[in-house]
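Notes follow once the structure below has been shown.
The values are calculated or read from the model by the stated rules, or taken from the named source; none is laboratory data. A quick note: this is a predicted structure, and the numbers were derived from the prediction, not measured. Note that each Cβ is placed from the backbone with ideal geometry, even for glycine, and that neighbours are counted across all protein chains shown. SASA here: full protein model, heavy atoms, side chains in, ligands and nucleic acids out. Shrake-Rupley method; radii C 1.70, N 1.55, O 1.52, S 1.80 Å.
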Protein chains: 2
Amino acid sequence: MRATFVVLMLCSAFVPLAEAQSQHPPNLMPMPASVQMGAGRLLIDPSFSVALSGRPDPLLRRTVDRFLNNLRQQTGMLPLDMKVTDSSNATLVINCEHASKEVQELGEDESYDLEISNSGAKLSAPTSLGVMRGLQTFLQLAHTTSDGFAVPAIAIQDKPRFPWRGLMIDVSRHFIPLDVLKRNLDGMAAVKLNVFHWHLSDNQGFRIESKEFSKLHQMGSDGLYYTQEEVRNLIAYARDRGIRVVPEFDMPGHSTAWFVGYPELASGPGRYEIERKWGVFDPAMDPTQERTYKFLDKFIGEMAKLFPDRFFHIGGDEVNGKQWDANPKIQEFMRSHGMKNNQDLQAYFNKRVQAIVSKHGKTMLGWDEILHPGLPKSVVIQSWRGQESLAEAAKQGYRGLLSHGYYVDLIWPAWQHYAVDPMSDAAASLSPDEKQRILGGEACMWAEYVSPENIDSRIWPRTAAIAERLWSPQDVRDVNSMYQRLEEVSRRLEGLGLTHNSSYAPMLRRIAGRDDISALQVLADVVEPVKDDTREKTAPVEPTSATPLNRLVDAARPESATARRFADLVNELAGGSLKPGPEPQIRKLLTRWRDQQENLQSLLEESFLLKEAAPLSQELSNLGAAGLAALDYLDRGQRAPEAWKAEQLALIEQAKTQKAQLLLMVVPSIEKLIEASAGQAPLPAK
Amino acid sequence: MRATFVVLMLCSAFVPLAEAQSQHPPNLMPMPASVQMGAGRLLIDPSFSVALSGRPDPLLRRTVDRFLNNLRQQTGMLPLDMKVTDSSNATLVINCEHASKEVQELGEDESYDLEISNSGAKLSAPTSLGVMRGLQTFLQLAHTTSDGFAVPAIAIQDKPRFPWRGLMIDVSRHFIPLDVLKRNLDGMAAVKLNVFHWHLSDNQGFRIESKEFSKLHQMGSDGLYYTQEEVRNLIAYARDRGIRVVPEFDMPGHSTAWFVGYPELASGPGRYEIERKWGVFDPAMDPTQERTYKFLDKFIGEMAKLFPDRFFHIGGDEVNGKQWDANPKIQEFMRSHGMKNNQDLQAYFNKRVQAIVSKHGKTMLGWDEILHPGLPKSVVIQSWRGQESLAEAAKQGYRGLLSHGYYVDLIWPAWQHYAVDPMSDAAASLSPDEKQRILGGEACMWAEYVSPENIDSRIWPRTAAIAERLWSPQDVRDVNSMYQRLEEVSRRLEGLGLTHNSSYAPMLRRIAGRDDISALQVLADVVEPVKDDTREKTAPVEPTSATPLNRLVDAARPESATARRFADLVNELAGGSLKPGPEPQIRKLLTRWRDQQENLQSLLEESFLLKEAAPLSQELSNLGAAGLAALDYLDRGQRAPEAWKAEQLALIEQAKTQKAQLLLMVVPSIEKLIEASAGQAPLPAK
């Protein structure tokens, strides 16, 4: 196959991307390692067929069936259209060299070559994983054209930069039903992520059935847990999509939910209740008693059988040590074992747990706190604290994953996650051998503020940008290109059943208490939830796991596309573009913002959920008016008076603080307009 | 309970609807038999609780769990919010007098009383079916208010007008997967429909697994069928929602798919293939051979066990008799049995089949063609031909259902279905006894032009109007009120997972071949698919079951809300409303229509699916311009010249014919504007 490809290259049928301007540029995400555009396109009509050569196993057959269903869905074709055939004249011929492994492994070859001409397409890959990745690329290439649905003539050689590209979902703080997880696995497969890290236990809930210790789920979950049957079902679903499933059972901290049924595991006296609030809590397992390890041996043994993946995550983060400090028996144990501090005690615990995990055939994985020289080098460190601890682990001989910078619950914009590279900062100066130990990274969806209704909107589409960071070559980092492609990927993800876009209007309708949400949406479109840990810090009432997630902050999108577009328009104006340039569009938006408050006023009285938005609405209205005034000064070629400017900037400062846990994202751009209207900046040419 | 209610009435806490203007009017559909508004409202917050008294069976418990889940979904609350309790202080106390029947029966009591004050709510019903209906009413009452989510103080006494309120779905012509059926069952339950009529076999596919005759599904379905396990699953799902499942196996005609595996059943020589086209075909079962009845005895016996419902539908429609005419053996049989025509032969067949159906404990149901004096009076006739045959059947002593007028595949507007009453026309003059025999009706979704993607949009929301016709008192017939409530019901149905609204934009995006569909949507919003059987007659290429359903005609909504609103505006203008009145809105719409063509032009060249829309786009543009010119004449108080008028009316005539199997629904209103501009009609006051 590789030979064929080279021949094609020599024939010059394919030209580098930049030279093929006439072609629809491929809106691919993640961007493949190598793309060469060809001339022409391959039509996709009801007679489209797929042939499998090489060693097609049942996994591959299911993959192709799913591929055809996706292609039918994209094109509106029916089950009687398009088929799998034995003929070598098929429209798409797939060659897969090896049957896939029974249990998907870290580092399995995911590469593929995809070659499309106007007469047919060929997808070749060493493994069925590569075929899966290549078929996702094919689906992303399919478009409506003037002649029919088609994929462009193209030659792609592709493989991932990192072997571990994950998404972690916390199902403890809020339970996330199986069907929601499944649609997210579909999303992961679409952007070539390959590890689902399932954070199954925490203070707020123990979410999996244990047959050995049934009080874990019976008393620790409010009845909200997955049966083992469901877990097996999810693992098979993931396997079909080339995704490994790594379970996490957080210990010795983050474990209150265990103690509701088994208080004897804890370091302090019971009784315990499922935690309803957020934060770091005192309860921790007692590392000094043998029955803890006996329990864990049995429990880990049970879970090791249920989860086929080689890796087993034991958490290990954020032990505050208060229960240990307060327990004389534990203090005595530490003294008698020469332990200087709680870190030593946790290291002892980790070593014991590592031995258990290893005994059951698994490799241990934990958050960066578990890093301690006593652990065997097989252990993998997942860094939530930064590239430094990742580099430190690599230097010490440990493999590592980056999650710092990929916490999607912090509500960063996509560009900010996109800029984070596992090999940057401290990791950049590692030796080649040490770099090899950096396996990749994981997006993390912590679940304090997500429900089945809005979790998709917190994960997608931003996680697709992280997926590109982990799959594509390091030099793929053009932010504009990323955003442009992200928009299309986002639509495609919706087509797979994700609800990150479609959940928005119904949530706004509920808040407005009426069907017509046009006024509310003008406001909602330009706000974003507060960032980092500000939601915690600014909560009007202390939130719990029973607090409804139905406020404007829960409906607002993590990243305002309107604000981003407005910033682009203002920059264009500031760049001195010719009249009328972006000005009419800027005016239109500013006018809409100025006027929304009046429209929203009647709604505010009808809905309790809208009341908290009143100050935001007022501020947006003021900002719109200020921006329009600034534009008027600019238009008249008149310099805005200092007093006016000062007044407006005071407004701006006020508008920068959160209200209702939301931020008005158009503030900086309007500030720019005000500054320009009062400054010496050359006005846009008339 | 009834006593309590009367007391409340005496206390004057409740006032008739019209007097309670200050209250949010209850947007209920179907409208209950009796509604009295009270003062105040009952808040629904996370502490909301439900208690069950009387005889709560497992069915009722599941009903309440589902109710709470729906209420959580409506309010954005979480699984930890709201609960079932034993306390009589619960927010909502449900009293159910009798455990429900194991198998739901025709005519079971579905009545309920719902009484809500600002301190609590009480729902009483003789059966769990009544509780289900009452809880749906409660869900429709819940709204966002200034203080929180709430239901208004109200007293409702409700019961259905007809005991049989059905929806038929044809899954043969296009296979409809189980999950799509399930979401439609959720929709049915929401509007209190109680029979799912499952049209399981036809010429184009035999859609159910038979263990007795496995070639039926193996050779007659293209692999697209329901397993018996899935069927049981669906029946249980329906039972939980108070919906009976009546299977239909169409015979002796509409049965080609049976003959693919069992040609010996047919009246003509094989071999047979699954039919791919639409229409009435020749193949029919051979009523003269005993093996036909032996086969049917075994088959019906198998299906009678699988489907617990008392009724069994044998189709019986549209036998063209050609195979019978051409078969000398059959002709000989008819002669020797003294049969004058094919109707007699079919009557003989029906009698034999009726005996089999009856032997297996079921009551036979069939389309109006089966009506024949020889059949026992237990048989039920479903009329697709009109109230006349329904009345005729009732006079002869047969029970009947109306489906004529409720065929949603004919793409009628909701008001047209809404106007059809099972008791109108010929049925109106029946005696009270005869009227008793009219059991109700069924909306019918024939599946020539629906796929899983657009079937919801063909069923909903229009079927909710039919549901109201069958549930509510006969005098509930205000069309404006119906449309207003229909809009809200439509949103609620979407919340249950139906996709009649949400499928629209993705289909338009596919047609446009781009994300921005604003230009296309201006056009799409004012067109409707052709009506009645015009789609058949105007097909550019003969359609088959493999023809993709991805054209504009497949995406267009059955009823243009924009056109309806525009007609209202024009009527308001013609009614002489004061300036500015509706004129600015009319101008805005006309301008948008005039201008869409220019915007759409670039798209037309990019997408093969858009090409056929070009003439429509051009016409809409002309109509917009004509309407604007007419308004100008009206504004100037000038009479439009006759020549101009003639020219415009020629345009109008041209625009009345279908293009791309679509109709421009704003034509009559624009015609009205043109007529007014050239007429003597008094101009709206300035």
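Structural remarks
- Derived scalar couplings ³J(HN,Hα) [region B:296-310; Karplus, 6.51 cos²θ - 1.76 cosθ + 1.60; whole Hz; x for Gly, Pro]: 5, 4, 5, 5, 5, x, 5, 6, 5, 6, 6, 9, x, 4, 5
- Placing +1 on the Cβ of every Lys and Arg and -1 on the Cβ of every Asp and Glu, with no other charges, gives the protein assembly as shown a dipole of roughly 1060 debye about its Cα centre.
- Net charge of the neighbourhood of B:I511, taken over other residues with C-beta under 11 Å away and scored Lys/Arg +1, Asp/Glu -1, is +2.
- For chain A, the Cα-based Rg and Dmax, in that order, read 27.5, 83 Å.
- Over region B:428-583, equivalent-ellipsoid semi-axes from the Cα gyration tensor in Å: 30, 26, 16
- Region B:160-245 - share of DSSP beta bridges that are antiparallel (%, nearest 5): 20 percent
- Cα-only radius of gyration and Dmax that characterise region A:40-90, units Å: 11.3, 34
- For the pair A:N599 and B:D532, label points projected 7 Å from Cα toward Cβ lie 4.2 nm apart.
- Take every Cα pair under 8 Å whose residues are at least 6 apart in sequence, average their separation, divide by the length of region B:343-426, and the relative contact order is 22 percent.
- Amide hydrogen neighbours beyond the local backbone of B:M285, cut-off 5 Å, H modeled: B:G253
- Mean projection area, nm², convex hull over Cα of region B:516-593: 7.1 nm²
- Inter-copy label distances at A:A33, shortest first and taken from points set 7 Å along Cα to Cβ: 7.3 nm.
- A cut-off of 5 Å between modelled amide H atoms, ignoring neighbours fewer than 5 places along the same chain, links A:T85 with A:V50, A:A51, A:L52.
- The simple spin-label model puts a point 7 Å past each Cα toward its Cβ; for A:K351 and A:A99 those points are separated by 4.4 nm.
- Relative contact order %, chain A, counting alpha carbon pairs below 8 Å whose residues are six or more apart: 11 percent
- Computed about its Cα centre, the charge dipole of chain A is approximately 820 debye, with only Lys, Arg, Asp and Glu carrying charge at their Cβ.
- Other copies of B:R477: label-to-label distances in nm, shortest first, labels 7 Å along the beta-carbon direction: 7.3
- Cα convex hull of region A:241-385, projected area averaged across orientations, nm²: 9.5 nm²
- With the whole protein complex present, B:K362 retains an accessible surface near 20 Å², based on a 1.4 Å probe.
- Remark: spin-label model distance A:K182-B:V280 equals 4.3 nm, labels positioned 7 Å along the Cα→Cβ axis.
- Proximal lysines to B:K611, defined as alpha-carbon separation beneath 23 angstrom and excluding residues fewer than eight positions away on the same chain: B:K531, B:K537, B:K656, B:K659
- Innermost chain B residue relative to the axis carrying B onto A, by Cβ distance in angstrom: B:S502, 3
- For A:Y407, A:Y225, the ranking by accessible surface with the largest value first comes to A:Y225, A:Y407, using a 1.4 Å probe.
- When DSSP beta bridges are restricted to pairs lying wholly in the protein assembly as shown, around 40% turn out antiparallel.
- Among the listed pairs A:K159/A:K435; A:K672/B:K588; B:K588/B:K645; A:K211/A:K359; A:K298/A:K435; B:K182/B:K211, those beyond 26 Å (Cα-Cα): A:K672/B:K588; A:K298/A:K435
- A simple rule links phi to the HN-Hα coupling: the Karplus curve 6.51 cos²θ - 1.76 cosθ + 1.60 with θ = phi - 60°, which for region B:184-200 gives 6, 5, 4, x, 4, 4, 5, 10, 6, 6, 10, 9, 9, 9, 9, 7, 8 Hz, with x for Gly and Pro.
- Percentage of interatomic Cα-Cα distances in the protein assembly as shown larger than 63 Å: 16 percent
- When all alpha carbon pairs of region B:83-173 are counted in 5 Å bins from zero, the resulting P(r) reads 3, 12, 20, 21, 17, 11, 9, 5, 3, 1, 0 %.
- Translational diffusion coefficient of region A:89-130 (Stokes-Einstein, Kirkwood radius from Cα pairs, 20 °C, 1.002 mPa s): 193 µm²/s.
- Principal axis dimensions, largest first and in whole angstrom, of region A:104-154 by Cα: 43, 17, 12
- Radius of gyration (Cα atoms) of region A:417-468, expressed as a multiple of 2.2 N^0.38 Å: 1.48.
- Within chain A, helix-based [θ] at 222 nm, where runs of 4 or more DSSP H residues each add -39,500 (n - 2.57), nearest 500: -13000 deg cm²/dmol
- Whole-number D in µm²/s for region B:220-319 (Stokes-Einstein; Kirkwood sum over Cα pairs; 10 °C, 1.306 mPa s): 106 µm²/s
- DSSP bridge pairs, region A:198-348: antiparallel proportion in percent, nearest 5: 40 percent
- Value of Rg/Rh across region A:537-578 [Cα atoms, Kirkwood radius]: 1.31
- If you take all other residues with their beta carbon under 15 Å from the beta carbon of A:T145, and give Lys and Arg +1 and Asp and Glu -1, the sum is +1.
- Hz values of 3J(HN,Hα) by residue in region B:399-416 - Karplus curve (6.51, -1.76, 1.60), Gly and Pro given as x: 7, x, 10, 9, 10, 4, x, 10, 7, 6, 6, 7, 6, 7, x, 4, 4, 6
- Part-to-part distance (alpha-carbon centres) for region B:39-62 and region B:601-641, which is given in Å: 55 Å
- Between amide H atoms placed 1.01 Å from N, distances below 5 Å from B:Q382 occur with B:G366, B:W367, B:D368, B:L401, all of them 5 or more places distant or on a separate chain.
- R0 of 22 Å, Cβ-Cβ distance A:S424-A:E487: FRET efficiency to nearest 0.05: 0.30
- Summed residue charge, Cβ within 11 Å of B:S621's Cβ, Lys/Arg positive, Asp/Glu negative: -1
- All Cα-Cα separations within region A:359-477 were binned at 10 Å from zero, giving a P(r) of 14, 41, 31, 13, 1, each value a whole percent of the pairs.
- For chain B, the per residue solvent-accessible surface stands at 37 Å², with DNA, RNA and ligands left out and a 1.4 Å probe.
- Sorted shortest first, the separations between the A:S358 label point and its copies elsewhere in the assembly read 8.0 nm; each point sits 7 Å from Cα along the Cα-to-Cβ line.
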